[in-house]
Amino acid sequence: MNLAILGATGSIGSSTLDVVARHPDRYRVFALTAHRSADALLALCRTHHPRYAVLSGLAEDAGLRASFAAHGTQLLFGMRPLEHVVRDAGCEAVMAAIVGAAGLASTLAAVRAGKRVLLANKEAMVMAGPVVMRAAREARACLLPVDSEHNAVFQCLSDAAAVRRILLTASGGPFRAAPLESLVSVTPAQAVSHPNWVMGRKISVDSATMMNKGLEVIEARWLFDVPAKAIEVVIHPQSVVHSLVEYVDGSVIAQLSNPDMRVPIAHALAHPERIASGARPLDLAAMKNLSFEAPDERRFPCLPLAYAALEAGGTAPALLNAANEVAVEAFLAGRLPFTGIAQVIADTLDAVPSRALEDLDGILAADEQARRAAGERVMAVAA
Ligand code: NAD
Ligand code: MG
């Protein structure tokens, strides 16, 4: 299978390449993309020899083009080529692993082109869930969840009509047990050091605020077509049970593995078959304890904000996502305290009205409006 990996230099991108390299008989790397990390992308091309590489955040550069050509790879520049490579007839499957709203257009292009789409870019589903799902039906794209929770739910779903609840597990992040009054002064370095997973900086902060789980509730709403009230979040600090599905008869089916993204990636790559992922086998007897607890909304105010945006409907989830991206960036740059993230998002949702969800242009306009409003809030909080 010919695979394009969007966001190849990131955490999901490198885990994907790790799995792919274990199965050279099954997968060929068709295209690799990065935003600006030319050296890292070139190193990947040296190993995997894709037909195309894309640097979406850089302008034309003849010298760079020549160094990629030396490995048989045609280098393209800017955002548009992301859509061109996923639509290419030679591309069969797309790993959508760009972080944030920046991944929406290319994810949607892959879906509209009817490709097999491995979805890591949850923000695309949060912003445009109904649009993406409709496009997938119309183009007969095969959309496979890579987010570990959604991949788990997908694996546990047998009879969708008989589902009572979907239970998404959350690790609780690095501040699950920290004194509430200490949260205002946590540093970016503390927020990105996740207890169980090594991930990109943005999703690591989202895990610390639990906005990540809020985004995942919205993602699950659209992926599995279940109402928000049937999606619950439970904290499970060990990150071994990746999510659960409860049926009307009281049966609860869970998927377990060591916390390693290569497990859901291998599942999405090979489904309906199964392939080795490289993950360490689970040793239940060596595990002391698997525990569960309800999330505390005072500690994690981003979670109720996400449910509220889902309830409000229309462009509200896109507004929530944009405000979160602005707030997280400001926090990582030292311009906003950790506790300011939820505040900026709440204020943005109050300031910007949500509209009916129509098409991509409307969603992108909402995204832009929320970014402006959130930027102003960041300045006000910082002042
Ligand atoms: P990352 O920051 O490690 O990598 C992001 C990748 O996207 C890089 O290749 C980067 O070059 C590219 N990129 C960044 N900004 C871009 C832009 N504006 N335009 C085009 N490309 C851009 O992120 P990650 O942790 O690999 O996460 C990727 C996606 O997968 C996110 O949506 C995240 O929520 C989701 N996800 C990640 C994990 C995980 O374990 N890391 C788990 C579940 C879901
Ligand atoms: Mg997840």
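Take the residues of segment 144-166 that are of a type in the set (A, V, I, L, M) and within 16 Å of ligand 2 (Cβ to nearest atom): which is farthest from Gly214 (Cα to Cα)?
Leu144
Yes/no per residue for (1) over 16 Å from Met261 (Cα atoms); (2) crowded, with 21+ Cβ neighbours inside 10 Å; (3) within 17 Å of the chain's Cα centre (by Cα):
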{"site": "Ala139", "(1), (2), (3)": "yes, no, no"}
{"site": "Cys142", "(1), (2), (3)": "yes, no, no"}
{"site": "Leu157", "(1), (2), (3)": "yes, no, no"}
{"site": "Ser182", "(1), (2), (3)": "yes, no, no"}
{"site": "Gln190", "(1), (2), (3)": "yes, no, no"}
{"site": "Asp206", "(1), (2), (3)": "yes, yes, yes"}
{"site": "His236", "(1), (2), (3)": "yes, yes, no"}
{"site": "Ser243", "(1), (2), (3)": "no, yes, yes"}
{"site": "Glu246", "(1), (2), (3)": "yes, no, no"}
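If you check every pair at least six apart or on different chains, which have Cβ atoms under 6 Å apart with a residue in segment 293-322 that is over 12 Å from Val217 (Cα atoms) first and a residue that is at pLDDT 95 or above and of a type in the set (Lys, Arg) second?
Filtered contacts from segment 293-322: Gly314/Arg355; Thr315/Arg355; Ala322/Arg371.
Consider segment 65-111. How many of its residues are within 14 Å of ligand 1 (Cβ to nearest atom) and either at pLDDT below 95 or on the phi > 0 side of the Ramachandran plot (or both)?
2
Scan Val132, Val94, Val99, Val117 and give me the residue that is out of contact with any Cys (no Cβ under 6 Å at 6 or more places or on another chain) and within 16 Å of ligand 2 (Cβ to nearest atom). Walk me through it before giving the result.
Working: Val132 fails: within 16 Å of ligand 2 (Cβ to nearest atom); Val94 fails: within 16 Å of ligand 2 (Cβ to nearest atom); Val117 fails: within 16 Å of ligand 2 (Cβ to nearest atom).
Going through Val132, Val94, Val99, Val117 in turn, just one is out of contact with any Cys (no Cβ under 6 Å at 6 or more places or on another chain) and within 16 Å of ligand 2 (Cβ to nearest atom): Val99.
Answer yes or no as to whether Val186 is of a type in the set (A, V, I, L, M, F, W, C) and closer than 24 Å to Phe338 by Cα. Spell out how you get there, then give the answer.
Values: of a type in the set (A, V, I, L, M, F, W, C): yes; closer than 24 Å to Phe338 by Cα: yes.
Taking the combined requirement at face value, the residue satisfies it.
Hey, which of the helices (runs of 4 or more DSSP H) in segment 112-227, taking only ones fully inside, have at least 2 residues that are within 13 Å of ligand 1 (Cβ to nearest atom), farther than 30 Å from Arg87 by Cα and in contact (Cβ under 8 Å) with a residue 12 or more places away in the chain?
On the way: elements: 122-139, 148-156, 188-192, 201-209, 211-223.
Of the helices (runs of 4 or more DSSP H) lying wholly inside segment 112-227, those with at least 2 residues that are within 13 Å of ligand 1 (Cβ to nearest atom), farther than 30 Å from Arg87 by Cα and in contact (Cβ under 8 Å) with a residue 12 or more places away in the chain span 201-209, 211-223.
The values are calculated or read from the model by the stated rules, or taken from the named source; none is laboratory data. Fair warning: this is a prediction, and the values are worked out from it, not measured in the lab. In this analysis, Cβ positions are derived from the backbone assuming ideal geometry, glycine residues included, and neighbour counts consider all displayed protein chains.
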